[in-house]
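Asks: Handing you this structure, nothing more for now.
The values are calculated or read from the model by the stated rules, or taken from the named source; none is laboratory data. This structure is a prediction, so every number in the text was calculated from the model and none was measured. As a convention, Cβ positions derive from the backbone with ideal geometry for all residues, glycine included, and neighbour counts pool all protein chains shown. Areas reflect the complete protein model, heavy atoms only, side chains present, ligands, DNA and RNA absent. Shrake-Rupley method; radii C 1.70, N 1.55, O 1.52, S 1.80 Å.
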Amino acid sequence: NRLGSLPVYTLLLPLALALLTLLCEAQGRMDRARSQEESRAGLLRRVKRGWVWNQFFVLEEYTGLEPLYIGKLHSDMDLGDGSIKYILSGDGAGTTFTIDDSTGDIHAIKRLDREVKAQYLLKAQAWNRQTDRPLEPESEFIVKIQDINDNEPRFQDGPYQATIPEMSTIGTEVIRLTATDADDPTYGNSARVVYSILQGQPYFSVEPKTGEVRVSLAGMDREVREIYSIIIQAKDMGGQLGGLAGTTVVNITLSDVNDNPPMFDQKLYQMSVLESAPVGSVVGRIRAKDRDIGINAEMRYSIIDGDGRDTFDISTDPTNLFGIITIKKPLNFESKASYTLKIEGANTHLDHRFLDKGPFSHVTIVHVSVEDIDEPPEFSSAAYYIEVSEEAEIGTVFKTVSARDPDASNNSIRYSIEMTTDLGKYFYIDITSGALMTVLALDREELSWHNITVLAMEMNNPSMIGSVSVAVKILDVNDNPPSLTHYFEAFVCESAKAGQLIQTVTAIDPDDPLGGQHFYYSLAPEAANNPNFTLRDNQVCRSNLSDATDVYV
């Protein structure tokens, strides 16, 4: 065996070299690990970070198919051997932004809109993949979204309503519009808006910078055209080519001013009214028309001349538009059959700016005809009072009443007494003359007053009947003797002394002389010679139809 003949150290040398190599490699690994630990501990104590970035900028509204590259994070600890892992957190991390944990490349995986969110605050950290521990403290950075002109100007409150007076002068402000642009006003011209008018010339214009709409045509008349609809455009980029634009509508209404005088449709109006119409009745109405509206069309009417100004009146109705003609005094066709009124209608609210367009009043003539009606007969007196003596003979004419037909036809009249007012049939009236006479004897003591009604009827129209009251007072005459009030029976004692009063006797008389009753008493002839009794007349006048005397022993 040749190996057996070799020295022992020759056999052990390769084995010793192999062990030495293993020990050296193990020590090297331990030294490197210790060095890395010391380096990491030293970095954690340093204030200065080893990142290579500040902030990133990216345009909004990226529409490519691949994720949008934002930028790259890099630590100065990264030796490019893949031992460092990059971690991203904060706004949108994992949903809007992703990071390649090996290279530090950041991409946007969603469409970015500056008007939704203008910047994102993110946090980054570098970790050791082998120890799964951070190499440096967490650091913040910002991704700013840069604006592009992707929003047109908008009018937030349109369509707009505005009102201006008609006849406004050039330059009168109508309304001030403001359009807002969501783009960044601090970056370029994306939000710099210029206004223009697309529809509405030549009546209106708009100030390019302020959006102030103004009148550009004088003399716009509401009575010709009341409403205007104009279109205003707001364009960004300072109005230059390529800018975005938005529009709105402004509806402008012209309000009324009193620039039109009133005017009657006719120079002459014909009206008629019955003569029997009561005071206050409406004859008719007229109107001076005015092209203006509201208070500018309100009128005041007055009668300024004519032979009917004292008989008729005129007032303005509640709408202040119409003149109402009414009766002021009773009418009588037979006295006056027609009247003429000169009437003026005038505006009540004047605008001094337009007085040169006046006068703001107008005059017309109204002819009023009074229509005749068939009226009942009228007595010459509203009532009659008559005194008749009770001793008047039957057939005595004590009064003649008179009535006439007030109509122009002047029909003949026939007289009669209303039967229910003369139930005793004491009186008679001549059918043609109206003479009243007695047909029965009158007795004041039986009936002192007669109240009768006399009727007057037109012969040609029996339905036309007038009436009058006739009060007849019956005057008294002394046609009744006095009489004792009742039968007297007196008693006297046999011991009565002379001159003792034994009875008072009273008498009554239905007549009524003006001075009251006064009776004279005496004993009847058959008792006059009786010496036992005497009668003494008290000579007392009584107005209550009775008198008294005393009887003595």
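Asks: Farthest toward the dipole's positive end in the chain, which of H362, L268, F379, given Cβ charges of +1 (Lys, Arg) and -1 (Asp, Glu) about the Cα centre?
Replies: Value computed over the given set: H362.
Asks: Hey, with R₀ at 30 Å, roughly what FRET efficiency would E115 and S139 work out to, going by the Cβ-Cβ distance, to 0.05? All intermediate terms of the calculation are to be shown ahead of the outcome.
Replies: Details: r = 29 Å, r/R0 = 0.95.
For E115 and S139, the calculated efficiency is 0.55.
Asks: With every protein chain kept in place and ligands, DNA and RNA left out, what is the accessible area per residue of the chain? Probe 1.4 Å, answer in Å². Walk me through the intermediate numbers first.
Replies: Values: 32400 Å² over 553 residues.
Result: 59 Å² of accessible area for each residue.
Asks: Based on alpha-carbon centroids, what's the gap between the stretch 450-464 and the stretch 342-414 in Å, whole number please?
Replies: 21 Å
Asks: Moving to a separate point now. Using the Cα centre as the reference, give the magnitude of the dipole from point charges on the C-beta atoms of the stretch 222-345 (Lys, Arg: +1; Asp, Glu: -1; all else neutral), rounded to the nearest 20 debye. Don't jump to the answer; show the numbers that get you there.
Replies: Details: 14 positive and 17 negative charges, 22 e Å.
It comes to approximately 100 debye.
Asks: Under a 1.4 angstrom probe, counting protein chains only, how are F97, F533, F491, F398 ranked by accessible area, largest first?
Replies: Details: F97 0, F533 75, F491 170, F398 40 Å².
Greatest to least solvent exposure: F491, F533, F398, F97.
Asks: In straight Cα distance, which aspartates and glutamates are under 12 Å from K72, not counting same-chain residues fewer than 8 positions off?
Replies: Excluding near neighbours in sequence, the set is D100, D101, D105.
Asks: Using a 1.4 Å probe on the protein heavy atoms, what percent of the accessible area of the stretch 177-235 belongs to carbon and sulfur? Don't skip to the answer; put the middle values down first.
Replies: Working: 1550 of 2910 Å².
Carbon and sulfur atoms account for 53 percent of the accessible area of the stretch 177-235.
Asks: Taking θ = phi - 60°, what integer Hz values does the Karplus form 6.51 cos²θ - 1.76 cosθ + 1.60 yield along the stretch 442-457, in sequence order, with x for Gly and Pro?
Replies: Result, ordered by residue: 9, 9, 4, 6, 8, 8, 8, 10, 10, 10, 10, 10, 9, 10, 10, 10 Hz.
Asks: Dipole size in debye (nearest 20) for the chain around its Cα centre, Lys and Arg Cβ +1, Asp and Glu Cβ -1? The partial results should precede the final answer.
Replies: Values: 49 positive and 80 negative charges, 1119 e Å.
Charge dipole of the chain: 5380 debye, to the nearest 20.
Asks: Would you rank I231, I293 by solvent-accessible area, highest first, keeping every protein chain in place and using a 1.4 Å probe? Could you put the intermediate results ahead of the total?
Replies: Values: I231 45, I293 80 Å².
Descending order: I293, I231.
Asks: Let me ask something else. Of S255, L241, L341, which is farthest along the charge dipole of the chain in the positive direction, counting Lys and Arg as +1 and Asp and Glu as -1 at C-beta?
Replies: So the residue furthest toward the plus end is L241.
Asks: Hey, what number do you get for the chain at 222 nm if only DSSP H runs of n ≥ 4 count, each worth -39500 (n - 2.57), divided across all residues, to the nearest 500? It would help to have the intermediate numbers written out before the result.
Replies: Details: 1 runs with 38 residues, N = 553.
That calculation yields -2500 deg cm²/dmol at 222 nm.
Asks: Towards the positive end of the charge dipole of the stretch 366-497, with charges on Cβ (+1 Lys, Arg; -1 Asp, Glu), say which of W449, A408, I429 has the farthest Cα.
Replies: Positive-end residue among those listed: W449.
Asks: Which of the aspartates and glutamates could be linked to K267 by a straight reach, that is with a Cα gap under 18 Å, when you skip same-chain ones fewer than 8 residues away?
Replies: Within the straight-line limit of under 18 Å, K267 reaches these aspartates and glutamates: D290, D305, D307, E344.
Asks: Of all accessible surface on the stretch 293-362 at a 1.4 Å probe, what whole percent is carbon and sulfur?
Replies: Values: 1900 of 3750 Å².
Looking at the stretch 293-362 in its full context, I get 51 percent from C and S.
Asks: List the residues whose amide H sits under 5 Å from the amide H of T400, counting only those 5 or more places along or on another chain, with H placed 1.01 Å from N in the peptide plane.
Replies: Placed amide hydrogens put L436 under 5 Å from T400.
Asks: Given (i) 197; (ii) 608; (iii) 223, which label gives volume of the Cα convex hull per residue in Å³ as computed from the coordinates?
Replies: Working out volume of the Cα convex hull per residue in Å³ from the coordinates points to (ii).
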